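Heads up, the thing below is written out as structure tokens.
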Amino acid sequence: MGGATKQEQRARAGGGRTITGHAAPWRRLAVLVALMLAAFTFNTAENLPVGLLELMSESLRVSVAAVGLLVTGYGVTVAVASVPLAHVVRAVPRRHVLTGLLAALVVSSLVAALATSYWLLLVARLLTALAQALFWAVLGPVAVGLFPPEVRGRTVGALSVAGSLALVVGVPAGTWLGRRSDWEVPVAMPAALGLFSLVTIAVLLPTSRPEEEPAAYGTRPDTRRFRTVLAAGALSATGAFAGYTYIAKFLGDVSGFSPSTVSALFVVFGLACLAGVSITGVLLDRFPQSASATAVATQAVGMLGLYAAGTDPVSAVVFLVLMGGALGPVFMTTQNEMLHCAPGRTDLALAANSGAYNAGIAAGAALGGLVVSAADVRGAFLTGGLLTLGSCAVLLGGRTPHRP
């Protein structure tokens, strides 16, 4: 996050005025919809194997654990590649970057659907992961740069709603389709959706220098706040996924729900996540820092509540909804804060945040597995809840006075 060059400083001082800011309202809205669809598509592609594990395992003649690596490897790739890729393309116009990333999504989805071996499927998945690693870095600045600064939080909220819909609609629909045909059919669907977004963005998004875009730099650069949010986001992700990775086991073994009820509760969890990002998105512009702390605190209450009262079915559902309602907003609010406190380019700050969060996901899943093996699944939620409390303390301790 080094200092800006003289050319970049001039662009920042000039307010970042570009053709994008003067585009017709319908054109800006169409680009936003295309970006929302792309966010939905990437998140759906990332998580599709979760619902198709057994089908893919039988078809490719590999273990379920090997298919699970298609998800784990995806997350690790995003964590490792986000910042390096953002540095490599930092001077490339975002229209070109986005169309290239969506082209990679289309190609990798088709290759995955046509794969006749596990290793070819893994290569296709890693290509999609590399595209997604960079996508989240450039998505935010492009999207919020389409609209006035006072509605940036709502724009981030719209993108987050689209991403959350992948878990509520995309993955369940893909699972349903795969079970009624073959797993290759839903795996190919992101190619069609990605192509639609690609064409829309290629035609309607103007070409401009990245450093001259309206949201290229933070509105209130603050290195200390940047580091605080980065650390808190990674810590909260570690805590969340230490428990969430084993939520099905918890609901069955501790809360006593039947397998069919557990499946229904996953839908409830997804709907709670969608509601959380929808509500938080409305408040982001007014309370950017408070929104982060509130989301993390709610996640802590949900996880610790499951640990303490999860043996009671009613209490388990209440705290599950609280956890679900916070999980999406935590990442959304940290991304939004990066648009404000980034000490340099916002795309690099967003890449760092995405990488740290995905690293937290991988660490949390591994930590939860160790706790479950050494103690029990309730212990995973206690561990995750305490880590989340730590994240909340980091956020509150690193708060900076709001400057208009």
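The values are calculated or read from the model by the stated rules, or taken from the named source; none is laboratory data. What you are looking at is a predicted structure, and each value in this text was computed from that prediction instead of being measured. Ideal geometry is used to build each Cβ from the backbone, glycine not excepted, and the neighbour counts take in all protein chains shown. Heavy atoms of the whole protein, side chains included, go into the accessibility calculation; ligands, DNA and RNA do not. Shrake-Rupley method; radii C 1.70, N 1.55, O 1.52, S 1.80 Å.
Just a few scattered comments:
- Relative contact order (%) - criterion: Cα under 8 Å, at least six apart; region: segment 139-267: 24
- Which of Ala295, Gly368, Met338, positive extreme of dipole for the chain (C-beta unit charges): Met338
- As a size descriptor, the averaged projected area of the C-alpha convex hull of the chain was calculated at 18.2 nm².
- Cα radius of gyration and Dmax for segment 165-314 (Å): 20.2, 56
- Compactness ratio for segment 320-404: Cα radius of gyration over 2.2 N^0.38 Å (N = residue count) comes to 1.28.
- Per-atom-type breakdown for the chain gives carbon and sulfur 69% of the accessible area (1.4 Å probe, protein chains only).
- By the equivalent-ellipsoid construction on the alpha carbon gyration tensor, segment 256-404 comes out with semi-axes of 29, 18, 14 Å, ordered largest to smallest.
- Near Tyr217, the amide H atoms lying under 5 Å from its own belong to Thr346; only residues 5 or more places off or on other chains count, and H is placed 1.01 Å from N.
- Contact order for segment 235-317, expressed relative to its length and based on alpha carbon pairs under 8 Å spaced 6+ residues apart, stands at 40 percent.
- Working note: Karplus 6.51/-1.76/1.60 with θ = phi - 60° gives segment 221-231 the couplings x, 7, 4, 5, 5, 4, 5, 4, 5, 4, 5 Hz, where Gly and Pro are set to x.
- Here the Gaussian network model covers the chain, with springs between Cα atoms less than 10 Å apart; of Thr128, Thr72, Thr334, Thr72 fluctuates the most.
- Choice from Ala192, Ala275, Ala158 showing the highest fluctuation, given a GNM over the chain with Cα pairs closer than 10 Å: Ala192
- For segment 161-206 versus segment 221-247, the gap between their alpha-carbon centres in whole angstrom: 28
- Cα shape, segment 169-258, gyration tensor, a/c 1.5 rule: oblate
- From phi via Karplus (6.51, -1.76, 1.60), per-residue ³J(HN,Hα) for segment 210-219 in Hz, x at Gly/Pro: x, 6, 9, 6, x, 10, 5, 10, x, 6
- Comparing Phe381, Val169, Leu98 along the charge dipole axis of the chain, the residue lying farthest to the positive side is Leu98, per the Cβ-charge model.
- Karplus-derived 3J(HN,Hα), 6.51/-1.76/1.60, for each residue of segment 77-88, Hz, glycine and proline x: 4, 4, 4, 7, 8, 4, 5, x, 5, 4, 5, 4
- Excluding ligands, DNA and RNA, the accessible surface per residue across segment 172-321 is 42 Å² with a 1.4 Å probe.
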